[in-house]
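J.: Attaching a single structure in structure tokens format; questions to follow.
The values are calculated or read from the model by the stated rules, or taken from the named source; none is laboratory data. Nothing here was measured: the structure is a model prediction, and the numbers come from that model. Methodologically, a virtual Cβ is constructed for each residue, glycine included, from the backbone with ideal geometry; neighbour enumeration extends over all protein chains shown. Ligands, DNA and RNA are stripped out before the accessible areas are found, and what is left, the full protein with its side chains, is counted by its heavy atoms. Shrake-Rupley method; radii C 1.70, N 1.55, O 1.52, S 1.80 Å.
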Amino acid sequence: MPWLSYQKALNRALGDELASDPAVFVLGEDVRVAVSNVTAGLLHRFGPDRVLDTPLSEQAFTSFATGAALAGLRPVIEFQIPSLMFLVFEQIANQAHKFSLMTGGQCRVPVTYLVPGSGSRTGWAGQHSDHPYGLFAHVGVKTVVPATPTDAYGLLVSAIRDDDPVAVFAPAGALGVREDVDFATLAPVPLGIGRVHRAGADVTVVAIGHLVHDALAIAEELAAEASVEVFDPRTVYPFDWDGLAASVAKTGRLVVIDDGNRSCGVAAEVLATAAERFGLAAPPARVTRPDGAVLPFALELDRAVQPGRAQLLTAIQGVLKD
């Protein structure tokens, strides 16, 4: 079977949706020259009316997309840098997200906000290395963080087809992932449904985005001494609580690894909900960035601030001892 890279999966999803629905169009800064490679070839295939370069004003073109969606189109905005999402938070959380709610469903705002490279990249430093998916989940915007190429394809397709705003954070740490894929089997992945990447009986590890691959590596490393189940929520809002409940019902133990800051993050929400709803045999643990973390330019310091395999291994072993 052919290889499918994570970036190519995003590109294929965009191309397939542009081809199947004339209401879909792509906009953003330098999307015509495909700076991020995610929009490569789309200008040639679909023309300048469907692939729009924008001025350097995120607030302006994000609001433009809201208006276009209200008029019946399905815009997909590419943001090259995750921290640009802070600039447009008002336009998304307070405008696009609330229109359908405040009109009793009379208005729909089907905009997709795509960040192809969220989180840390080598040497991108503090203002370019945020991974702010938890912020959008907090306010109730549908938010997805795919870990694999097939999920990147399927979740982006579902996001574009959804009648509500959807934020898609493609982790920088996952962009190099490749899979053997029969392209004929690529299909939409429903929002709000998690995935068990590895079944286990002793402890559930909830891993988000690129950290799924670290969790799988640690699960393999521990295979001789513990059976680790790796649960990928795929969508952090809405979260698949039923799927996680089924996993924890088997294992009784829980560890979460999340590339967000510790306070008020997705990992904190998972642990809080687990404490409220699940019967745990031991106190749960979380592995995250530190409180208030800002990633430094220096590579060693950058890596030291991020959650990693050594921390996850320690957390799993600690939970298993209780």
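J.: Looking at D240, D258 in this structure, which one is over 20 Å from L312 (Cβ atoms), touching a Gly at 6+ places or on another chain (Cβ under 9 Å) and acidic (D, E)?
T.: Criteria check complete, one pass: D240.
J.: Filtering the stretch 187-219 down to residues that are of a type in the set (A, V, I, L, M, F, W, C) and open to solvent by 30 Å² or more (accessible area, probe 1.4 Å), which residue is nearest to the chain's Cα centre (by Cα)?
T.: L191
J.: Restricted to the stretch 145-164, and to residues that are buried (at least 23 other Cβ atoms within 10 Å of the Cβ) and among the small types (G, A, S), which residue is nearest to N11 (Cα to Cα)?
T.: Across the stretch 145-164, the extreme among qualifying residues is A152.
J.: When the stretch 13-50 is examined, which residues are found to be over 18 Å from L175 (Cβ atoms) and among the hydroxyl-bearing types (S, T, Y)?
T.: Within the stretch 13-50, just S20 meets the criteria.
J.: Counting just the residues of the stretch 290-307 that are outside any helix (DSSP H, G or I) and open to solvent by less than 50 Å² (accessible area, probe 1.4 Å), which one comes out modelled with the highest pLDDT?
T.: It comes out as P307.
J.: Checking the conditions here, which among L244, L254 is touching a residue at least 60 places away in the same chain (Cβ under 8 Å) and either open to solvent by less than 10 Å² (accessible area, probe 1.4 Å) or more than 21 Å from the chain's Cα centre (by Cα) (or both)?
T.: L254
J.: Kindly indicate whether T235 is hydroxyl-bearing (S, T, Y), surrounded by 14 or more Cβ atoms within 10 Å (Cβ to Cβ), in contact with a helix residue (DSSP H, G or I) (Cβ under 8 Å, 6 or more places away or on another chain) and touching a residue at least 40 places away in the same chain (Cβ under 8 Å).
T.: Yes.
J.: Report every pair of residues separated by at least 6 positions or lying on different chains whose Cβ atoms are under 6 Å apart, first residue within the stretch 260-289 and part of a loop (DSSP other than H, G, I, E, B) and open to solvent by less than 50 Å² (accessible area, probe 1.4 Å), second modelled with pLDDT under 95 and of a type outside the set (G, A, S).
T.: Matching pairs, first to second residue: A282/D322.
J.: Out of (1) within 28 Å of L14 (Cα to Cα); (2) in contact with a Phe, Trp or Tyr (Cβ under 8 Å, 6 or more places away or on another chain), what's the single condition that is false for V206?
T.: Unmet for V206, out of (1) within 28 Å of L14 (Cα to Cα); (2) in contact with a Phe, Trp or Tyr (Cβ under 8 Å, 6 or more places away or on another chain): (1).
J.: Follow-up question, since we're still on this one. Restricting attention to the stretch 310-322, and to residues there that are open to solvent by 70 Å² or more (accessible area, probe 1.4 Å) and modelled with pLDDT of 95 or more, which single residue is nearest to D259 (Cα to Cα)?
T.: Taking the stretch 310-322 as the starting set, the residues that turn out to be open to solvent by 70 Å² or more (accessible area, probe 1.4 Å) are 310-311, 314, 321-322.
From what is left, the residues that are modelled with pLDDT of 95 or more are 310-311, 314.
Working: A310: 14, Q311: 12, T314: 17 Å.
Ranking the candidates gives Q311 first.
J.: Looking only at residues that are part of a loop (DSSP other than H, G, I, E, B) and of a type in the set (G, A, S) in the stretch 103-135, which one is farthest from the chain's Cα centre (by Cα)?
T.: That would be G104.
J.: Looking only at the stretch 90-131, count how many residues are of a type in the set (V, I, T) and exposed (fewer than 15 other Cβ atoms within 10 Å of the Cβ).
T.: 2
J.: Residues of the stretch 1-49 being open to solvent by less than 50 Å² (accessible area, probe 1.4 Å) and among the small types (G, A, S), which ones? Please lay out each step first, then the result.
T.: Of the stretch 1-49, the ones open to solvent by less than 50 Å² (accessible area, probe 1.4 Å) are 4-6, 9-11, 13-15, 17-18, 21, 23-29, 31, 34, 36, 38-42, 46-47.
Scanning the stretch 1-49 gives S5, A9, A13, G15, A23, G28, A34, S36, A40, G41, G47.
J.: Still on this structure, I have one more. Taking V111 as the residue in question, decide whether it is more than 19 Å from L14 (Cα to Cα), of a type in the set (V, I, T) and touching a residue at least 24 places away in the same chain (Cβ under 8 Å).
T.: Criteria not met by V111.
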